[in-house]
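One structure below.
What follows draws every value from the coordinates through simple rules; no lab data is involved. Not measured: the values here are computed from a predicted model. Here Cβ is always computed from backbone atoms with ideal geometry, including for glycine, and neighbour counts include all displayed protein chains.
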Amino acid sequence: MKNPTLVHKSSVCYHCGDQLPSVKLSCDEKDFCCVGCKSVYQILAENNMCNYYAYNDTPGHKIKENGHFEYLEEPSIISQLIDYKDSENSIITFYVPAIHCSSCIWLLEHLYKINPAIFSSRIDFLKKEVTVSYKHDKISLRQLVEILNQIGYEPLISLQDVVKEKGNSVNKQLIWKIAIAGFCMGNVMLFSFPEYFGLSAVEKEFQYLFAWLNLAFCVPVTFYCAKEYFTSAFASLKQRHINLDTPLALIIAVLFIRTAISTAFGTGPGFADTLTGLVFLLLMGKWVKQRTYHHISFDRDYRSYFPIAITVLKDGREKPTAINEIEVGDRLLIRNGELIPADSILMKGEVYLDMSFVTGEAEPQQKVLGEILYAGGRQMGEAVELEVVKSASQSYLTGLWNKAYYKTDFKKKNFNDSIAKYFSIGVFVVAFSATAYWLFQHDSVKAWSAFTAVVIVACPCVLALSTPFTLSAILSVFDKKGFYVKNTDAVEQLADCDTIVFDKTGTLTSTVNANIHFNGALNKEEQLLVASLLNNSSHPLSRQVFKSLCPDKLFAVSEYNEIPGKGIMGLVNGRMVYAGSKKILPFELEGKENGGVHVVIGQSYKGCYAIEQEWRSGLFKLMSALEGRFNLKVLSGDTNRDEKILGCFFGTETSMQFNQSPRQKLGEVISLQDKGKKVMMLGDGLNDAGALKQSNFGIAITDNINNFTPGCDAILKGTSLSLLPNFIQLVQDGLKVIKISFGIATAYNLIGVYYAVQGTLYPLVAAILMPISTITIISFTSLATRYFARKNKLVG
Amino acid sequence: MSILYFLIGCSVLVALIFLGAFFWALKSGQHDDVYTPGVRILFDDEVKEDKSDKNHISD
């Protein structure tokens, strides 16, 4: 039957690149691993879009089951989603997590080939966004999303999309300011050079022109580019507290006033070049600090986890309704695989809730009529009806995001702000004593110039630069290793932590790898029967078990039946085979656990495929590295069945608590903080969300960066968990680098102050000293960071 | 030497024009996405069967 010449050379799926099962599907001499991949190929082939496969090998994704997009027909929901609409055209932007290669760009920008009503689609690759323009009377939004879904690029439409946040405009304004400051700096330099190199008598007439031009360039720099420093300084002075912006604002003001006076009275060159250069460098530091990850969102809350709409039954009709419009008393229809959006009471049907995201408990829970179901559970079975008792935003779990639960009294203070106070005091002492000395000598001109010069020279701009440059260098080392920290401020918090709290499920165990072993006995032929049956199901458990069986041939299955949430059955090779939970089996089983995939062939119980989550690799090494340096703690929502294994990883002093509810986890973090501990929390799911947010540094662990992660300070790839001690060490080294660079800057400043107190600081000295110290600091920080990264084995 | 006044004015003016060009580019979103256009330009145009050619041959 098999013709070797027809078999494609590669042993992977042409579409998604997965290992081909021994029984594969073929089309146009290409092999596919599943019906989904084949159907995507067929759609593309029909539309003459096979270029998709030309740009990259196996660019595709396995497609999931078809979602329900009925809600996209509701005008109120559509109007919330689309960016622009006129009489004919609509424009909408989707976030598509599956975008990953140039083939994706090609395919999504050629959507018009599939349906001409989509007349333009543009991708922003780094943000994983696609902006689609379409004629809304020819194609509905629902059809558009269904097309995307069919070709394997399902957009992520969540509540958070509805509340569109524009964080970009702030950044853009900063670029405007940098551009203006840079422009002014360049021109001022140009006009200052002749002065420094000396002017001949003929050229003297230009001196005034140059001085006035320089002053003109200083005006926008001082009053537009540096405006923030003044407002921030005033605000902090009002609160009787000095931050780093206070001395900076003072210096900028002094520089401007002195430049203005010397220009107006013609008393020599001003400090225009120092002023513009300073502001330019400060803004650059700010820009480096603001560098963010476009593709990762750290501030997700329940809104991005919940779907945007749910089916509500009203007067016997199904009506898709936006989640935030659900009211107490509404009747909801929840289908297989859908989330329960609000706390509600079960009115009709049988519910098996997968609460893994809420509690960390892996086994689905059965609920009976009249029981309260908490929001966040996923229904695994038939469609059921619920009555809402609390609106979505008030529900038990979503309530964790209410600010009232969080203490804000612990202030996040960084090194810069704490040193700024002493720095400012030091500068003022030196400046005033120099002024007093010259006034005592009855030289008021020198007194004035000494005062201003000291303030100018003692510029803490290096402080304002070394921190962002060092920390952002550390950030880029981290993100190459799969550790994405929210921003540079958060990095400093990481160094302070002394207690580490771990969640268990999904954090210490991996969600991708699972050990599958069979409790019972199956002979070769029976294994084939089971594999043949499982091959028809797309349920994740079926796929996992099927993969582990790896059959070399398959039988045809008749009378196949899949009962969602229970299992599958079918007639294979003349024998009835059942696989799934206990509920699917033809007879009652006594004394067996419900978990796993139970198998019955004919009338005899064969056993059960138990699926155990695998512990992440390197845990033992990780814990022994952390022990002694940190207090360790385990907070698990799961039962204590793994306590012994955890005891092997952790030392005897580690306290472990099991059966913790999300709120208990949050409470535990708070009580640790009350004892003065700085807590780092590692968690993965919605059940850790409260604790992650409350902790001083919350790390969300994920196996796929594009998956949902709760709000946190950093996202860590599961495979990089074992590097955690190195990450912490690098941050501590980084803070050392910042302190050393502060020392270097102080040395430079002392040279400047030596001239300044004598009142003989020539603008040229200031103009040279500042860039030199800045360059030294920036190169020192980047080299030192690289050195420490290598030392901590984070750079290859 | 007074021609220098004119030249200095010109140099500032030219610099201002470049600054304006940069702001224009920034505002029109040219710096929003600096990755995708570079990939997009590498895509080949579709090879279409040219019908006019066929007609020409058959004529």
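General observations
- A simple charge model with +1 on the Cβ of Lys and Arg, -1 on the Cβ of Asp and Glu and nothing else charged puts the dipole of chain A at about 1820 debye relative to its Cα centre.
- For chain A, the residue among A:A383, A:P194, A:N47 whose Cα projects farthest onto the positive side of the dipole built from Cβ charges is A:P194.
- Note, ³J(HN,Hα) from phi for the range A:522-532, Karplus 6.51, -1.76, 1.60, rounded to Hz, x at Gly and Pro: 10, 7, 3, 5, 5, 4, 5, 4, 5, 4, 4
- To the nearest ten degrees, helix A:35-46 and the longest principal axis of the Cα atoms of chain A are 70 degrees apart.
- Degrees, to the nearest 10: A:245-265 long Cα axis against longest axis of chain A: 40 degrees
- Separation of the alpha carbons by more than 29 angstrom is noted, of A:K678/A:K791; A:K675/A:K793; A:K367/A:K678, for A:K675/A:K793; A:K367/A:K678.
- Lysine pairs with alpha-carbon atoms under 24 Å apart, the range A:23-103, spacing 8 or more or separate chains: 8
- Calculated from backbone phi, Karplus (6.51, -1.76, 1.60) coupling profile of the range A:48-58 in Hz, x at Gly/Pro: 6, 10, 6, 3, 3, 8, 7, 7, 9, 7, 6
- Greater than 29 Å apart at Cα, pairs in A:K204/A:K286; A:K128/A:K172; A:K566/A:K621; A:K524/A:K566: A:K204/A:K286; A:K566/A:K621
- Relative contact order, whole percent, for chain A stands at 11, derived from Cα pairs under 8 Å and 6 or more residues apart.
- CD proxy at 222 nm, helix term only [per DSSP H run n ≥ 4: -39500 (n - 2.57); per residue of chain A; nearest 500]: -13500 deg cm²/dmol
- Between the range A:672-751 and the range A:324-343, the alpha-carbon centres lie 37 Å apart.
- Order of A:H15, A:H68, A:H442 under a 10 Å beta carbon neighbour criterion, fewest first: A:H442, A:H68, A:H15
- In nm, spacing of pseudo-spin labels at A:W212 and A:L156 (7 Å Cα→C-beta vector): 5.9 nm
- For the range A:570-671, trypsin sites (Lys or Arg not before Pro) are listed when DSSP marks them as loop and at most 16 other Cβ atoms sit within 10 Å of their Cβ; the list is A:K592, A:R629.
- Annotation note: trypsin sites (Lys or Arg not before Pro) in the range A:100-143 located in DSSP loop regions with a Cβ neighbour count of at most 14 within 10 Å are A:K138.
- Approximate spin-label separation A:A383-A:K675, in nm, with each point projected 7 Å along Cα-to-Cβ: 5.2 nm
- Peptide B:33-41 is shielded by partner chain Cβ atoms: per residue, an average of 5 of them sit within 10 Å of its Cβ.
- Gain in span if fully extended, A:I744 to A:K85, counting 0.36 nm per residue against the direct Cα distance: 231.5 nm
- Within straight-line reach of A:K486, meaning a Cα separation under 14 Å, sit the following aspartates and glutamates at least 8 residues removed in sequence or on another chain: A:D299, A:D713.
- Fewest-first ranking of A:D86, A:D137, A:D638, using other Cβ atoms within 10 Å as the exposure measure: A:D86, A:D137, A:D638
- Each of A:G266, A:Y208, A:A249 was placed along the dipole of the range A:166-289 (beta-carbon charges, centred on the mean Cα), and the one lying farthest toward the positive end is A:A249.
- Remark: mean inter-chain Cβ contacts per residue of A:121-130 equal 3, using a 10 Å Cβ-Cβ cutoff to other protein chain atoms.
- The C-alpha atoms of chain A define a longest principal axis, and helix A:444-457 lies at about 20 degrees to it.
- Between A:K547 and A:R629, the contour length at 0.36 nm per residue exceeds the Cα-Cα span by 25.3 nm.
- Using the Cβ-Cβ distance between A:N659 and A:S444 with R0 set to 56 Å, the FRET efficiency works out to roughly 0.15.
- Fewest-first ordering of A:S433, A:S782 by other beta carbons within 10 Å of each residue's beta carbon gives A:S433, A:S782.
- Stretch gain in nm, segment A:R240-A:T267, where the contour uses 0.36 nm per residue and the Cα spacing is subtracted: 6.0 nm
- Protection-proxy order for peptides A:177-183, A:40-46, each taking the mean of Cβ atoms within 10 Å per residue, highest first: A:177-183, A:40-46
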